[in-house]
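Below: one structure, written as C-alpha cells.
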Amino acid sequence: LHHLQEEVKELIDNPNDELEWADCFLLLLDAARRKGHSVDDLVKFANAKLEINKTRSWKQNENGVYKHIK
C-alpha cells in the first residue's frame, strides 16, 4: 500500500499518463490479493460502497472535490 501511495502521488502529478493509471491499478490489485481478496471481491466491495454513497448528501468544495456531508 505504501508503494500504491507513492504511485498515486505520481498520478496526481501526471493524470494524463496512462502508465501511471496502470501502475495504481496493478498495485491495488496486488495489495488486495495479498490480503486474500480477488478482483471479484473488489467489484463487490465497490458496489456495496456505491449503494452507501447513493444515500449520502454531497457538497463540492472550492477545489472541485465532492465530500459527503452526512
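The values are calculated or read from the model by the stated rules, or taken from the named source; none is laboratory data. This structure is a prediction, so every number in the text was calculated from the model and none was measured. Counting neighbours? That spans all protein chains shown, and the Cβs are built from the backbone with ideal geometry, glycine included. Heads up: the accessible areas ignore ligands, DNA and RNA and are worked out on the full protein's heavy atoms, side chains in. Shrake-Rupley method; radii C 1.70, N 1.55, O 1.52, S 1.80 Å.
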Within the range 45-60, of all residues that are charged (D, E, K, R) and not in a helix (DSSP H, G or I), the one most open to solvent (accessible area, probe 1.4 Å) is Lys59
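Being assigned to a helix (DSSP H, G or I) and exposed (fewer than 12 other Cβ atoms within 10 Å of the Cβ) is the requirement here; does Asn63 meet it?
Criteria not met by Asn63.
Against the definition (part of a helix (DSSP H, G or I), open to solvent by 90 Å² or more (accessible area, probe 1.4 Å) and modelled with pLDDT of 95 or more), how does Leu42 come out, yes or no? Full working, then the answer.
Details: part of a helix (DSSP H, G or I): yes; open to solvent by 90 Å² or more (accessible area, probe 1.4 Å): no; modelled with pLDDT of 95 or more: yes.
So Leu42 fails the test.
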What about Gly36, is it at pLDDT below 95 and either among the small types (Gly, Ala, Ser) or in contact with a helix residue (DSSP H, G or I) (Cβ under 6 Å, 6 or more places away or on another chain) (or both)? no
Going through the range 23-39 in order, the residues found to be of a type in the set (A, V, I, L, M) and open to solvent by 60 Å² or more (accessible area, probe 1.4 Å) are Leu26, Leu28, Val39
Over the range 6-58, the set of residues of a type in the set (Lys, Arg) and touching a residue at least 12 places away in the same chain (Cβ under 8 Å) is Arg56
Among residues of the range 53-70 being β-branched (Val, Ile, Thr) and over 18 Å from Ile12 (Cα atoms), the residue modelled with the highest pLDDT is Thr55
Glu20: passes all of (1) open to solvent by less than 100 Å² (accessible area, probe 1.4 Å); (2) over 14 Å from the mean Cα position of the chain (by Cα) but (2)
